[in-house]
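Reviewing the structure listed below.
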Amino acid sequence: MNIALIGYGKMGKAIETIALEKGHTIVLKIDINNATDFNKENISKADVAIEFTGPHSAYENVMKCLELSIPVVCGSTGWLDKWENAKNYCEQQKGSLLYASNYSIGVNLFFEINKYVAQLMSSHPDYNVVMEEIHHTQKKDAPSGTAITLAEQVLSFIKQKKQWVNEPTQNVADLEIVSKRIDPAPGTHTIKYTSTVDDIEIIHTAHNRVGFAGGAVLAAEFLHNKKGIYNMKDVLGL
């Protein structure tokens, strides 16, 4: 499979390593130094594009791939205020789009665990729930996209919580997410239920970027020759 990398930072390089190990070919690598190479002639050599840039450019990159009829796997977070536009445009173009806030297989299993625990805890209002996420200092958005996904899952079951906030809070209706930026942490997410008698915690800790990169390549393999809008639940059959 021929892959275009839109974004060639640490994640892009990790994706490249795994893609090459799996026998794929990288036909295009785009970063801030060669943005003009992101054009129809070059991108048309790819079967699928994998986009990992940042909240400032992800939406435009996704829309450009869809415009040029290139299936796109997007892992950038912090741009989902424009998700409906991208989704609608993909449908209009009869294109191919796969988005996830996190491509790690372990994290996507953790999402399912989080939903199950939240469902169990929903009938025990004596427990308060708080969240924490830790990432490296180069992480551009806070809270992380993964933390937002986890928080939205909790909110769907814990009805006394009405919204998430990215700061410590004493308001019982707010789901507190504390964001910390510490090098070289690739990512830790904690959901903690506390009461006067005990605490319950679930934690996912990434040791490196390999899990994220491997999941992104797996997603690209899944999206190849498909039309429509997908996520990692589709990839993993969850």
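Placing unit charges on the Cβ atoms of the charged side chains and taking the dipole of the chain about its Cα centre, the candidate lying farthest along the positive direction among CYS65, MET121, ASN166 is CYS65. Only helices enter the 222 nm calculation for the chain: every DSSP H run of n ≥ 4 contributes -39,500 (n - 2.57), and dividing by all residues gives -11000 deg cm²/dmol, rounded to 500. If you line up the long axis of helix 83-93 against the longest principal axis of the chain, both from Cα atoms, how many degrees apart are they, to the nearest 10? Relative to the chain, helix 83-93 is tipped by roughly 30 degrees. Couplings for the range 110-117, taken from phi via the Karplus curve 6.51 cos²θ - 1.76 cosθ + 1.60 with θ = phi - 60°, read 4, 4, 5, 4, 4, 4, 5, 5 Hz in order; Gly and Pro are left as x.
Estimated at 0.36 nm per residue, the fully extended path between ASP31 and LYS162 surpasses their Cα-Cα distance by 43.2 nm. Counting neighbouring Cβ atoms within 10 Å and putting the fewest first, the residues HIS189, HIS24 line up as HIS24, HIS189.
Available extension along the chain between SER44 and ILE113 is 20.9 nm, counting 0.36 nm per residue and deducting the alpha carbon span. Annotation: the residues HIS135, HIS204, sorted from fewest to most other C-beta atoms within 10 Å of their own C-beta, follow the order HIS204, HIS135. Here each label is just a point 7 Å from Cα along the line to Cβ, and for SER195 and THR17 those points are 4.5 nm apart.
The fewest-to-most ranking of ILE43, ILE50, ILE229 by surrounding Cβ atoms within 10 Å reads ILE229, ILE43, ILE50.
Values quoted throughout were computed directly from the atomic coordinates according to the rules given, and no laboratory measurement underlies them. Note that this is a predicted model, so its numbers are computed, not measured. Glycine also receives a Cβ, built like all others from the backbone with ideal geometry; neighbour counts cover every protein chain displayed.
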